[in-house]
Amino acid sequence: MGTVAAHGLRKSFGKVQALDGVTLDVPDGSFFVVLGPSGAGKTTTLRAIAGLDKLDAGSVHLDGRDATGDTPAARDLAMVFQSYALYPRHTVYENIASPLRARRCSSSEIAAAVEQMSSLLHIERLLQRRPAQLSGGEMQRVALARALVRRPRAFLMDEPLTNLDLKLRVEMRTELTRIHRSLGATFVYVTNDQVEALSMADQVAILKEGKVQQVGTPTEVYERPANQWVAGFVGSPPISLLACRAEGDRLVGAAGWTLPRPHWTTAEDGQGLLLGLRAEDLSVEQRGNASLSGELYGLEPLGDRTVVDVRVGTEILKVKARPTVTGTPGERLLVTVDLDRAHLFDAGTGLSLSEAGR
Amino acid sequence: MAVSVDEAVSTGPARDHTPPARRLGGRGRSVLEVTLLTVLAVVMLFPVLWMIETSIKENRDVYAIPAKLFDFKVTLAHYKDVFVDPDGGRSALSVSFLNSVVVAGVSTVLATVLGVPAAWAYSRFAVKAKKDQLFFILSTRFMPPVVVVIPIFLMYRQVGLIDNKLGLILIYAAFNVPFTIWMMKGFVDEVPAEYEDAAMLDGYTRLQAFRRFTLPLLMPGIAATAVFALIFSWNEFVFATFLTSSDSVRTAPPAIAGLIGGTTTDWGLVAAASVVFALPVLVFAYLVRKHLIAGVTLGAVRR
Ligand SMILES: Nc1ncnc2c1ncn2[C@@H]1O[C@H](COP(=O)(O)OP(=O)(O)OP(=O)(O)O)[C@@H](O)[C@H]1O
Ligand SMILES: [Mg+2]
């Protein structure tokens, strides 16, 4: 068992409202990712679950039992700190052994567990070193080992892969997902990297300024963003947003363009709207069911694809294209739109105006 | 006695002036610089030199006019007089040295044991009006001891702590606790709180986390702070003079001061006693000098 439920967490630091009513329900055995930009309150949320900080309001239930007042030790959780927090005076071996020592395991048990963890994370060579003699990536793996060496109720991980180079990060992503699956344990995993979130998560909670914006599977969050901000935050290149209004059977852009009005929206006539278009739902190579005209603004070759920036009025559309695409800035272009996959948001509140069952 | 107390302080600055000059290189030093340094060295070091010289001169040479700088007879008789009574027993001075060791040692241990956990608490926990409390604690150090010596004398008389080593220990600890809290709060602030957080998640209690993971990192800071507290207690003169009177309780500073005056002053004895008094602090500071430096640059030690 290992469910983690946080309800209505509130925490302020002076004038900063770090957590403004955060509610998360982490099912047993799931890989639950908390995704948000820097300063969103991700670390604060984890620390609240771990019982390291006093909350202004809210409760934490572990395995269905109220643990709000419990000490960190009593909660039986393991955490990877964003800053690693490796004990500087202790060797890597002693760092990894620490959770077992605290729980009075025998030294043969400890030796076996440390050996297993260190071979899993490829740090056997480092066991006799001290944290000061490690690179950032090595420290991060030691911190992971210290958390994974025990079988707690749940693992809390605060951006455990951010300091690794890209290759190692991708490797460790796969490795962590594998570890998660083989342990069947609950992971609460914090990151500001949406690729990490989308590729690893069973469920994602998107956090901004201490408020949960949306909770759902990676697909749900990507395909049906609850609001304009989530749409903009998830996905790369970021979604293009065009200001427009609904008029009869048409959408009229602030820049003068018109598109057919989608049937799946609850938008009303005259309402200020934002049309959200993802780069892969746009094309400069004739595809889709409607079109916008603009001029070529720039090309971003990314190897496997090229992102074409097209200026429509004063707004920029990011369009995904084949890597072979060419053009000169200022050139007129017709961008075809897959309107069935587009999104509409209220320009004022930012909330999605797509019908639920679409 | 004024010589002995100043001495412990004066050698420091005099020595500190040499390294920067050396760093500039021989040629870089201006005549003015050399002159100033020489004058400073003479002014600072001469009393110390004179004290040491007097302590090993025969009495005839001590009182000789003109003073003999070099060609005097060396004797260790004054040092013997410091420790051994003319009748053969222990001298009153040696008892006062022992008292000084006990009073300074115990009061320093007391101040450290009370001050370090307090500093940790101030650093780690949200305490109401923390800044005001810390300022209040510091403010007890603003006033010179002389200001409070009379009220303390009266209070001590009521509770029977006059002419009592415990009385001195308590007052020195009381003066050193605020100092310890302030020094140590800085050192604790330097140690990331996340070591304790991580330890608590490992399964330790908060106190265990402090003892096992933070305290070892604080040792250089504690050593530095304790040395300063020890020097304060060792050198303290005002309270010792007012609050003690009998030979069996007196600490060394008033005991040495007591040698001066009367019909004749045995300057050789005064000088020898002063040297003996100054030595322990110098030796101790020298032994823990690594910690003192590490204490000042704790950041470099940490990671
Ligand atoms: N101890 C503190 N004192 C004051 N403000 C704090 C403290 N801890 C966090 N904050 C503030 O609370 C907000 C949330 O911080 P938090 O560390 O949870 O962000 P985060 O989502 O983890 O960001 P990052 O991705 O940069 O780690 C920030 O605005 C931060 O400045
Ligand atoms: Mg963080």
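The values are calculated or read from the model by the stated rules, or taken from the named source; none is laboratory data. Please read these numbers as outputs of a predicted model, since none were measured by experiment. As a convention, Cβ positions derive from the backbone with ideal geometry for all residues, glycine included, and neighbour counts pool all protein chains shown. The area values use the complete protein model at the heavy-atom level, side chains included, leaving out ligands, DNA and RNA. Shrake-Rupley method; radii C 1.70, N 1.55, O 1.52, S 1.80 Å.
Data for the structure
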{"quantity": "Accessible area of A:Arg169 in the full protein assembly, 1.4 Å probe (Å², nearest 10)", "calculated": "50 Å²"}
{"quantity": "Protection proxy ranking of A:261-268, B:246-253 - average other beta-carbon atoms within 10 Å, highest first", "calculated": "B:246-253, A:261-268"}
{"quantity": "By accessible area with a 1.4 Å probe, ligands and nucleic acids excluded, highest first: order of A:Glu124, A:Glu220", "calculated": "A:Glu124, A:Glu220"}
{"quantity": "Averaged over A:81-93, number of beta-carbon atoms from partner chains that fall within 10 Å", "calculated": "4"}
{"quantity": "Qualifying chymotrypsin sites (Phe, Trp or Tyr not before Pro) in segment B:44-129, DSSP loop, other Cβ atoms within 10 Å at most 15", "calculated": "B:Tyr63, B:Phe70, B:Phe125"}
{"quantity": "Within chain A, helix-based [θ] at 222 nm, where runs of 4 or more DSSP H residues each add -39,500 (n - 2.57), nearest 500", "calculated": "-7000 deg cm²/dmol"}
{"quantity": "Probe 1.4 Å - accessible area at B:Phe179, Å² to nearest ten", "calculated": "50 Å²"}
{"quantity": "Carbon/sulfur fraction of accessible area - segment A:273-358, other protein chains in place, 1.4 Å, %", "calculated": "51 percent"}
{"quantity": "Axial C-alpha extent at least 15 Å, average Kyte-Doolittle at least 0.0 - helices from chain B (DSSP)", "calculated": "B:31-55, B:92-124, B:145-159, B:165-190, B:215-235, B:267-287"}
{"quantity": "Candidate lysines for bridging to B:Lys131, where Cα separation is under 16 Å - those fewer than 8 sequence places away on the same chain excluded", "calculated": "B:Lys185"}
{"quantity": "Candidate residues A:Cys244, A:Cys105: accessible-area rank, largest first, probe 1.4 Å", "calculated": "A:Cys105, A:Cys244"}
{"quantity": "For segment A:78-173, convex hull volume per residue from C-alpha positions, Å³", "calculated": "91 Å³"}
{"quantity": "Number of partner chain Cβ atoms within 10 Å, mean per residue of B:182-195", "calculated": "2"}
{"quantity": "Gyration tensor verdict on segment A:316-358 (Cα atoms; rounded if a/c is under 1.5, prolate if a/b is larger than b/c, oblate otherwise)", "calculated": "prolate"}
{"quantity": "Reachable aspartates and glutamates from B:Lys165, criterion Cα separation under 17 angstrom, eight or more residues apart if same chain", "calculated": "B:Glu236, B:Asp247"}
{"quantity": "B:Leu154 versus A:Thr349: modelled label distance in nm, points set 7 Å from Cα along the beta carbon direction", "calculated": "7.4 nm"}
{"quantity": "Mean Cα-pair separation over length for chain A, i.e. relative contact order, pairs under 8 Å, 6 or more apart, %", "calculated": "15 percent"}
{"quantity": "Average accessible area per residue (Å²) across the protein assembly as shown - probe 1.4 Å, nucleic acids and ligands excluded", "calculated": "48 Å²"}
{"quantity": "Shape of chain B, Cα gyration tensor, a/c cut at 1.5", "calculated": "oblate"}
{"quantity": "Antiparallel bridges, percent of DSSP beta bridges restricted to chain A (to nearest 5)", "calculated": "80 percent"}
{"quantity": "Nearest 10 degrees, 0 to 90: helix A:107-120 Cα axis against chain A principal axis", "calculated": "30 degrees"}
{"quantity": "Spin-label model distance (nm) - A:Asp249 vs A:His61, 7 Å beyond Cα toward Cβ", "calculated": "5.1 nm"}
{"quantity": "Kirkwood Rh in Å, taken over segment B:50-140 so that all alpha-carbon pairs contribute", "calculated": "17.9 Å"}
{"quantity": "At 1.002 mPa s and 20 °C, Stokes D of the protein assembly as shown from Kirkwood alpha-carbon radius, µm² per second", "calculated": "68 µm²/s"}
{"quantity": "Efficiency of FRET between A:Ser106 and B:Ala126 - r from beta-carbon atoms, R0 45 angstrom, step 0.05", "calculated": "0.70"}
{"quantity": "Selection of trypsin sites (Lys or Arg not before Pro), segment B:116-209, meeting DSSP coil and at most 13 other Cβ within 10 Å", "calculated": "B:Lys128, B:Arg141"}
{"quantity": "Mean ellipticity per residue at 222 nm, deg cm²/dmol - from DSSP H runs of n ≥ 4 across chain B, formula -39500 (n - 2.57)", "calculated": "-23000 deg cm²/dmol"}
{"quantity": "The protein assembly as shown: antiparallel DSSP beta bridges as a percent of all, rounded to 5", "calculated": "80 percent"}
{"quantity": "Kirkwood Rh in Å, taken over all unlike Cα pairs in segment A:17-106", "calculated": "15.2 Å"}
{"quantity": "Spatially proximal lysines relative to B:Lys73 (Cα-Cα < 19 Å; intrachain offsets below 8 disregarded)", "calculated": "B:Lys57"}
{"quantity": "Overall form of chain A per C-alpha gyration tensor (a/c, 1.5; a/b vs b/c)", "calculated": "prolate"}
{"quantity": "Distance from segment B:210-278 to segment A:193-249 (C-alpha centre basis), Å", "calculated": "71 Å"}
{"quantity": "For A:67-80, mean number of other protein chain Cβ atoms within 10 Å", "calculated": "3"}
{"quantity": "Coordinate range along principal axes, alpha carbons of segment A:230-346, Å, largest first", "calculated": "41, 28, 23"}
{"quantity": "Most to least accessible of A:Leu334, B:Leu76 (protein chains only, probe 1.4 Å)", "calculated": "B:Leu76, A:Leu334"}
{"quantity": "Protection proxy ranking of A:335-342, A:109-116 - average other beta-carbon atoms within 10 Å, highest first", "calculated": "A:335-342, A:109-116"}
{"quantity": "Heavy atoms of A:His90 accessible to a 1.4 Å probe, total area in Å² rounded to 10", "calculated": "50 Å²"}
{"quantity": "Positive-end residue, segment A:230-346 charge dipole about Cα centroid, Cβ charges, pick of A:Val312, A:Thr266, A:Ala254", "calculated": "A:Val312"}
{"quantity": "Segment A:22-85: trypsin sites (Lys or Arg not before Pro) in DSSP coil with no more than 14 other Cβ atoms inside 10 Å", "calculated": "A:Lys54"}
